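Below is one structure, written out as structure tokens; the observations come after it.
The values are calculated or read from the model by the stated rules, or taken from the named source; none is laboratory data. Everything numeric here is computed off the predicted structure, so don't read it as measured data. In this analysis, Cβ positions are derived from the backbone assuming ideal geometry, glycine residues included, and neighbour counts consider all displayed protein chains.
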Amino acid sequence: MATQRVDTLVFGQRLRHLRKARGYTLDALGERVGRPAPFLSQLETGKREPRLSVIEDLAEALGVTTAELLTAEAPSRRSQLEIAIERAQDEPLYQTLRLPYVKPSAKVPDDMLEHVVTLYRQLARRSEVHAASPEGARKANAELRVEMRARDNYFPEIEAVAGDALQAVGWDGTSAVPERVLLELARYYGFSIKRVRDLPKQTRSVTDLRGRTIYIPQRNAVPTRAARSVILQTLGHFALGHEDPADFRQYLRQRVEANYFVGAVLAPEAAAVELLREAKARREISIEDVKEIFYISYEMAAHRFTNLATRHLGLAVHFLRADEEGVIWKAYENNGVPMPTDADGAIEGQRVCREWGTRVAFHAEDVFDIHYQYTETDMGTFWAATHVEADRPPYSAVTIGVHERDAKFFRGASTTQRHRSYCPDGPCCRPSGALAERWTGFAWPSPRQHSHVLAAIPVGAFPGVDLTDVYQFLDRYSEPPPEGAPQSSPQWSPGPSPHGSSSPAGDG
């Protein structure tokens, strides 16, 4: 069941405002509620969270409803400034300034607080814009990948959350998750699912936390397989205890964790590991089998394989998703394959060698068949299987690969396709000598502009989402709150986050 989480700073300000409005001292109010003045002082300064019984006693003593006492709106502009100062000083960005603590006491004039709050907000905004640039996004992604590699892209805490949820709804996970189980999982986390035709364009789903409803597109807009991922990704944020992301790094981490949760539900660890171990024993591992048995996309099946391969099968792997031009969209490796990287260590946006199977597959006789290939590099020879996904334009290639010595465990290991990559400094991706000599200085291509290269990542807690559209959408579909109900957003709260602090995970 959802519970109301008290904002202690706002509650303290409202308590002080109402106490003074009634002409009570801390001692006098303490006598009326049977609590000592120091206890009430801690409540007013936001250093202590009140129990429900204390809130009810205080509301009765002050002659107000509990809803009025719990309203999420500060009682005055002065209160808003004091709350803003307190919150700012708790933030890492403020702490990097190494300034002494400022107590917003009554002796500090309002205009001084206005100056400090405004200056800090401008500093935070500039920092946010910098972090939301393409360079900042790539750097954040590179940092996350380092953590993923250190853990072999395996996160047992998220596996446990998914496993507990499936056990709670009685699903053994040995086949594709039916819609009935999805609805039961939603109910397990306290939500219902509703399909609508006018979901805001920038969103995959919208969740009404007050009405406990997850809105997703109708079936004509999102097919069943994709809808399952949308629902589970949304549930994953609540299952893993996510709160509004404070910056792009946290947003990215939460997306990765939620996607891992999706994979762990749709292809549960126990069933998937059993399937893969049996296939390894037969030397017939195939991502296509994982895709078909659990009714998930090839990309998700490949991601799920990276989650489990090293921990359970002893196989180091690499994963790539790239377009026909070789531009990498997603990547992961822990087997030493020489991925192209920029100065910040980012892989996304780099171009993979023309000789890698990820690009060669687009020129195969049957583009949409699985393309198997060995590729010799300066770091060794690697085997890989590449699948060009035809069900969502523009086409992209998904590659799973291992070192040559591990290829024997996979279907397609007998391929005779062999290529040699000399990248990043070799001739394979540069014009040949004669070709270069013939055209150097006589060609002027006009590139198709990739506007996203110049644009910053949209800033805000939910990048790219217009919250006005979202709120207007919820107004159309949601029941108005009961009169006197608290206006603050309820926190999903069956207990603390099941896996403690956030950790990166494989992007499923």
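Here are the numbers:
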{"read-out": "Complete set of residues in region 193-211 that are under 17 Å from Q233 (Cβ atoms) and not acidic (D, E)", "value": "I193, K194, R195, L199, P200, Q202, T203, R204, S205, V206, T207, L209"}
{"read-out": "Filter result for the condition that a residue is farther than 24 Å from A397 by Cβ and either in contact (Cβ under 8 Å) with a residue 12 or more places away in the chain or of a type outside the set (F, W, Y) (or both), over R304, R282", "value": "R282"}
{"read-out": "Filter result (closer than 17 Å to E44 by Cα, in a helix (DSSP H, G or I) and among the polar types (S, T, N, Q)) within region 76-122", "value": "S79, Q80"}
{"read-out": "Counted residues, region 139-170 - those being in contact (Cβ under 8 Å) with a residue 24 or more places away in the chain and farther than 23 Å from W329 by Cβ", "value": "9"}
{"read-out": "Residue among L252, L276, L232 that alone is hydrophobic (A, V, I, L, M, F, W, C) and within 17 Å of I400 (Cα to Cα)", "value": "L276"}
{"read-out": "Test set (1) surrounded by fewer than 20 Cβ atoms within 10 Å (Cβ to Cβ); (2) under 29 Å from D369 (Cβ atoms) - Q250 fails condition number", "value": "(2)"}
{"read-out": "Some residue of region 400-420 being within 16 Å of T358 (Cα to Cα), hydroxyl-bearing (S, T, Y) and touching a His at 6+ places or on another chain (Cβ under 8 Å)", "value": "no"}
{"read-out": "Conditions (1) among the aliphatic types (A, V, I, L, M); (2) modelled with pLDDT under 75; (3) more than 30 Å from V317 (Cβ to Cβ); number of the one not met by L435", "value": "(2)"}
{"read-out": "Hey, S192 of a type in the set (G, A, S), assigned by TED's automatic domain parsing to the domain that holds G236 and under 30 Å from Y471 (Cβ atoms) or not", "value": "yes"}
{"read-out": "Residue satisfying condition, being more than 30 Å from A140 (Cβ to Cβ) and among the polar types (S, T, N, Q), within set Q350, Q373", "value": "Q373"}
{"read-out": "Residue tally, condition surrounded by fewer than 16 Cβ atoms within 10 Å (Cβ to Cβ) and modelled with pLDDT under 85, over region 5-22", "value": "1"}
{"read-out": "Any hit, region 155-176, residues being under 30 Å from A343 (Cα atoms), within 19 Å of the chain's Cα centre (by Cα) and in a loop (DSSP other than H, G, I, E, B)", "value": "yes"}
{"read-out": "Among (1) among the β-branched types (V, I, T); (2) closer than 21 Å to I293 by Cβ; (3) at pLDDT below 95, the one test that V262 misses", "value": "(3)"}
{"read-out": "Unique match (being touching a Cys at 6+ places or on another chain (Cβ under 8 Å) and more than 27 Å from R304 (Cβ to Cβ)) among R438, R354, R430", "value": "R354"}
{"read-out": "Helices (runs of 4 or more DSSP H) enclosed by region 178-272 - at least 1 residues per element that are under 21 Å from the mean Cα position of the chain (by Cα) and more than 24 Å from A168 (Cα to Cα)", "value": "248-266"}
{"read-out": "Matching residues, region 407-425, being closer than 20 Å to M339 by Cβ, without any contact (Cβ under 8 Å) to a residue 40 or more places away in the chain and assigned to a loop (DSSP other than H, G, I, E, B)", "value": "D425"}
{"read-out": "Qualifying residue in region 141-159 (condition: over 30 Å from A272 (Cα atoms), in contact with a helix residue (DSSP H, G or I) (Cβ under 8 Å, 6 or more places away or on another chain), crowded, with 19+ Cβ neighbours inside 10 Å and modelled with pLDDT under 90)", "value": "no"}
{"read-out": "Single condition E60 does not satisfy, out of (1) within 36 Å of the chain's Cα centre (by Cα); (2) within 30 Å of G211 (Cβ to Cβ)", "value": "(1)"}
{"read-out": "Inter-residue pairs, beta-carbon under 6 Å, first at negative phi and in region 255-276, second in a helix (DSSP H, G or I) and among the aromatic types (F, W, Y), 6+ apart", "value": "L266/F294; A267/F294"}
{"read-out": "Test: R48 is assigned to a loop (DSSP other than H, G, I, E, B), among the basic types (K, R) and either buried (at least 18 other Cβ atoms within 10 Å of the Cβ) or not assigned by TED's automatic domain parsing to the domain that holds A186 (or both)", "value": "yes"}
